[in-house]
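For reference, the structure discussed in these notes is given below.
The values are calculated or read from the model by the stated rules, or taken from the named source; none is laboratory data. As the structure is a computational prediction, the values presented were derived from the model and not from experiment. Reconstructed Cβ throughout: ideal geometry from the backbone, glycine too, with neighbour counts over all protein chains shown.
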Amino acid sequence: MEHYNQQLKQLSRTLRSNMTDAEQALWHQLRRKQIQGLQFYRQKPLLSYIVDFYCPAAHLVIELDGSQHFEATHLVKDQKRDIDLANAGLQVLRFDNRQVLLEMRAVLEVINEVVGKSRV
């Protein structure tokens, strides 16, 4: 189990009950071990962050970004977050919400490919 800040636990529960449309759509495809039989978690506390989706067996974090993530301040924060997660041995995939909603098949192909490589 990855380490996390215990103070994030309640916030992660709140986020799980208030997911964006894109998060709900992707969760529908990830839950119940639909990707290569692996368990994914949503709104999972890791380190000092809450990641959108996490697959411990594949050491994979999936982040969905709304339009605010393309602003300079968010780009810097996201970059630091990705580095911290990578230093913990995790691979981070980022998709924007629009991609998930309009190109779900392509998103799932990328996730499936990355999960497959992690299992080799």
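List of remarks:
- Scope the stretch 95-120; condition outside any helix (DSSP H, G or I), at pLDDT 95 or above and either in contact with a Cys (Cβ under 7 Å, 6 or more places away or on another chain) or farther than 16 Å from PHE40 by Cβ (or both); matching residues: GLU103
- The stretch 1-22, residues that are charged (D, E, K, R) and touching a residue at least 60 places away in the same chain (Cβ under 8 Å): GLU2, ASP21
- Any hit, the stretch 41-55, residues being in contact with a Pro (Cβ under 9 Å, 6 or more places away or on another chain), surrounded by 13 or more Cβ atoms within 10 Å (Cβ to Cβ) and polar (S, T, N, Q): no
- Candidate set: the stretch 56-65, residues that are farther than 13 Å from ARG119 by Cβ and modelled with pLDDT of 95 or more; chosen: the one surrounded by the fewest Cβ atoms within 10 Å (Cβ to Cβ): GLU63
- As a summary of the residue check, VAL100 satisfies the conditions (1) closer than 22 Å to GLN7 by Cβ; (2) buried (at least 18 other Cβ atoms within 10 Å of the Cβ); (3) touching a helix residue (DSSP H, G or I) at 6+ places or on another chain (Cβ under 7 Å) except for the one numbered (1).
- Listed by position, the strands (runs of 3 or more DSSP E) contained in the stretch 1-90 that have at least 1 residues being of a type in the set (Lys, Arg) are 41-46.
- Sole exception among (1) within 14 Å of the chain's Cα centre (by Cα); (2) surrounded by 13 or more Cβ atoms within 10 Å (Cβ to Cβ) for HIS74, by number: (1)
- Subset of the stretch 75-120 (residues that are under 24 Å from SER48 (Cβ atoms) and among the basic types (Lys, Arg)): LYS77, LYS80, ARG81, ARG94
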